[in-house]
Amino acid sequence: MICQVCGKKMATTHVKSIVNGKLTELHLCDDCAREQGYSGWMNPFSFDFGNMLGGLLGGVKSGGEVKRCEKCGASFEEIAESGKIGCAHCYETFRDRLLPMIQRIHGTAVHKGKVPGGSALRVVEENSKIVPARSALEEKRREMQKAIEAQEFEKAAVLRDEIKELEKGE
């Protein structure tokens, strides 16, 4: 593969990045990689994941009174500098500042990790396709939408109330 910047040499550095859920790939030769700042970043002696995350969290602003977590005493500035969250309570303490950063890094702020049955597959008989299983909440929403389309408003109201109860439990 040829370098995408100079178009002359063979690409030896391949950079993939995901920003807001969109994958971009860049293929660079050694010289162009060095010019763009990618040289040696995978060197285990110079690579610091914490510093990289700290850079993603944004610049540290100092001055005035520093807000600290009640449980561990960490400040947002320390979290941004190290790239490491102090404790679980820090997520609540610095929620307004962390949420946009988490969303920028992961593409979403909603955790979709390992939940029993969350990634399970089921067979849909309509088209005989295999699709991810829906959660109880998703299933209720789908049923409510069908009830609305069928103009069964009493049933839709009951389902709406069940959805609200399920959302409170999350």
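The values are calculated or read from the model by the stated rules, or taken from the named source; none is laboratory data. What you see is a predicted model, and the numbers here were worked out from it, not measured in a lab. Cβ placement follows ideal geometry from the backbone for every residue including glycine, while neighbour counts extend to all protein chains displayed. These accessible areas exclude ligands, DNA and RNA; they are computed on the full protein's heavy atoms, side chains included. Shrake-Rupley method; radii C 1.70, N 1.55, O 1.52, S 1.80 Å.
Taken together, LYS155, LYS71, LYS168, LYS84 contain a single residue that is within 19 Å of the chain's Cα centre (by Cα) and either part of a helix (DSSP H, G or I) or at pLDDT 80 or above (or both), which is LYS84. Of all the listed residues (GLY40, GLY50), the sole one being loosely packed, with under 12 Cβ neighbours inside 10 Å, within 26 Å of ILE102 (Cβ to Cβ) and either basic (Lys, Arg) or modelled with pLDDT under 85 (or both) is GLY50.
Any residue at all in the stretch 15-24 that's open to solvent by 90 Å² or more (accessible area, probe 1.4 Å), within 24 Å of VAL110 (Cα to Cα) and either modelled with pLDDT of 85 or more or in a helix (DSSP H, G or I) (or both)? Looking for residues that are open to solvent by 90 Å² or more (accessible area, probe 1.4 Å), within 24 Å of VAL110 (Cα to Cα) and either modelled with pLDDT of 85 or more or in a helix (DSSP H, G or I) (or both), one finds none in the stretch 15-24, hence no.
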